[in-house]
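Worksheet for the structure shown next.
Quick note: the coordinates plus some simple rules give every number you see, no bench work behind them. Computed from a predicted model, the values in this text were never measured in an experiment. Cβ placement follows ideal geometry from the backbone for every residue including glycine, while neighbour counts extend to all protein chains displayed.
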Amino acid sequence: MADRNLKKNSKIDARLGTLRAELETLSGDVNNVVGDVEDIADNRVHLALRKAEDVAHSAYRLAEESATHVVRDVDDWASGKADMARKSIRAQPFSALALSAGVGALIGVMFARR
């Protein structure tokens, strides 16, 4: 009977040894998978950051181009209005003088009341 128990114990010990080895292998495989997942996630984060930077640069360039166009348009409009005012003043200098004197007097009265 003692031999029988010894054989059972040795079989159990062998199975436990095999189970320990398989668990160690499984633990190593899980660690490898976790490392791979971390690498994949890290790569995806870097890719997403690069894409976000590209979008930000594109938006900046578009905003800069739009601002340049607006500045040009406003400059053209102001130049056109200034040319029109010059022509009007040259065509009717006394009317322009009277108008500016009247506006100046009106502003003077407004400030004098305060």
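Quick notes on this one:
- Expected 222 nm ellipticity per residue - DSSP helices of 4 or more, -39500 (n - 2.57), all of the chain, to 500: -36500 deg cm²/dmol
- In the chain, the longest principal axis of the Cα atoms and the axis of helix 2-91 are about 10 degrees apart.
- Projecting the Cα atoms of Asn9, Val74, Gly104 onto the dipole axis of the chain, where Lys and Arg carry +1 and Asp and Glu carry -1 at the beta carbon, places Gly104 farthest toward the positive end.
- Alpha-carbon centroids, segment 44-114 and segment 20-38: separation in whole Å: 67 Å
- The angle between the Cα long axis of helix 93-112 and the longest principal axis of the Cα atoms of the chain comes to about 70 degrees, rounded to the nearest 10.
- Local electrostatic count, Arg61, Cβ distance below 15 Å [Lys/Arg +1, Asp/Glu -1]: -4
- The structure-derived value of P(r) over Cα pairs in 10 Å bins from 0, in percent appears in the list (i) 11, 20, 22, 19, 14, 8, 5, 1, 0; (ii) 10, 12, 11, 11, 9, 9, 8, 7, 6, 5, 5, 4, 3, 0; (iii) 15, 54, 30, 1 under the label (ii).
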